[in-house]
Amino acid sequence: ALRCRKQLVEAHHVAPDELQYPVRDAAGRIVGFGDLAWLKRRRPLIGEADGRQPHSLPSALLYDRRRANEFVSSGCDVVRFTWADALRPPYIQGMVRRALAASLVS
């Protein structure tokens, strides 16, 4: 997450507003913490940075999928990055820019 954050801070207009953002369901319960969050949009955009080792295990993949679904059903949009993505700053920066721009269309 730190590598992704650094790349996004260095890019123009894509630094996250918050780190470890608490995502809450309709009842106000925390369903998880987003690694990165952009809040100045219609729906918060949560960026999840998945490390190579812990997130490659089947149990972690299932957990990550369920957690992303909880974020979406709580009113957030989600973008996910892998360790390999962190080695490609233009990809991460472009993905965030497009996701942020998508919220302006609706």
Can you give me the distance in nm between label points at Leu2 and Ser103, each placed 7 Å from the Cα along the Cα-to-Cβ direction? 2.7 nm
Looking only at the chain, where both bridge partners belong to it, what percent of the DSSP beta bridges are antiparallel (to the nearest 5)? 60 percent
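Add -39500 (n - 2.57) for each DSSP H run of 4 or more in the chain, then divide by its residues: what number comes out at 222 nm, to the nearest 500 deg cm²/dmol? Please list the in-between numbers first.
On the way: 4 runs with 46 residues, N = 106.
Calculated from helices alone, the mean residue ellipticity at 222 nm is -13500 deg cm²/dmol.
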Simple label model, 7 Å out from Cα along Cβ direction - Arg41 to Val9, nm: 2.1 nm
At a threshold of 8 angstrom on Cα-Cα distance, excluding pairs fewer than six apart, so keeping six or more, what relative contact order does segment 1-89 reach in percent? 28 percent
Take each uninterrupted DSSP H stretch in the chain, measure its Cα extent along the helix axis, and return the ones at 15 Å or beyond whose mean Kyte-Doolittle hydropathy is at least 0.0. 89-105
Per-selection Rg to Rh, the chain - Cα, Kirkwood hydrodynamic radius: 0.95
Taking placed amide H atoms and a strict 5 Å upper bound, the residues 5 or more places from Arg88 or on another chain that come that close are none
Pull up all non-local amide H partners of Val31: gap of 5 or more, or a different chain, and H-to-H distance under 5 Å with H placed in the peptide plane. Val23, Arg24, Asp25
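Where a number appears in this text, it was derived from the coordinates with a stated rule and is not lab data. As the structure is a prediction and not an experimental result, all values here were calculated from the model. Because the Cβ atoms are built from the backbone with ideal geometry, glycine has one as well, and the counts that use them run over all protein chains shown.
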